[in-house]
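What follows draws every value from the coordinates through simple rules; no lab data is involved. Bear in mind that the values here come from a model prediction, so they are computed numbers and not experimental data. All Cβ positions, even for glycine, are placed from backbone atoms using ideal geometry, and neighbour counts span all protein chains on display.
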């Protein structure tokens, strides 16, 4: 854990599950400390969140000016990441510098350059020559192969295998346990559903959604040996 004296103050946009998680990750494993949370006025239901001030985003710069505080937008893949992207742009328009989080338990190499407002959790392996854009979420346990490119505004769920030389287009969503073969290009705003095996290029707006495992017709009470 980084010493408290080295920490810089940030404001987190959001007051939901991902904001709550971001608070823990930034507090316990980063060079930043969370000073406050911000949400749109229409969604503000109290004055505090996790024991810290909760303020209206519309006027956040009055209490937490951009020359003293940095910003992180902690939102999910709602509307194919569009809401998160919009709030990043709005924070930037207010003059804030957007920060990123990279877990100390992620495997990265010296050539890796992190974009703004990225959220890279534990057990991610990002191989040499791979590139990750701005506003990208890599949930825990993913493999990002060498020379692959993840463009801006992408959300990658857990335990995804991205082989070497892959490109994932802007604003796409990649579900749990997806596997993408080497040198495949996934277009912009694609949805790769949980467990998908992607062996060929996908055009913009493609949806790859494999069926779930079929439920057996017999109840568990009729299974022998269990």
Worksheet item: Expressed as a rounded percentage, what relative contact order does segment 1-60 have, with Cα pairs under 8 Å and six or more residues apart?
Response: 33
Fill in: Candidates 84, 189, 181, ranked by Gaussian network fluctuation over the chain, Cα under 10 Å, top entry
181
Worksheet, complete the sentence: Pseudo-spin-label distance residue 20 to residue 41, built 7 Å along Cα→Cβ, given in nm, is 2.8
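If you average 1/r over every pair of different alpha-carbon atoms in segment 96-226 and take one over that average, what Kirkwood value in Å do you get?
15.4
Count the DSSP beta bridges whose two residues both fall in the chain, then state the antiparallel fraction as a percent rounded to the nearest 5.
Counting DSSP beta bridges with both partners in the chain, the antiparallel share is about 5 percent.
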Worksheet item: Could you list, bin by bin from short to long, the percent of Cα-Cα pairs of the chain in 5 Å steps?
Response: 1, 7, 14, 18, 16, 14, 11, 8, 6, 3, 2, 1, 0, 0
Worksheet item: With the chain treated as a Gaussian network of Cα nodes joined by springs under 10 Å, which of 201, 182, 111 yields the largest mean-square fluctuation?
Response: 111
Worksheet item: Rounded, prolate or oblate: which fits segment 4-93, taking a ≥ b ≥ c as square roots of the Cα gyration tensor eigenvalues, rounded meaning a/c under 1.5, else prolate when a/b beats b/c?
Response: rounded
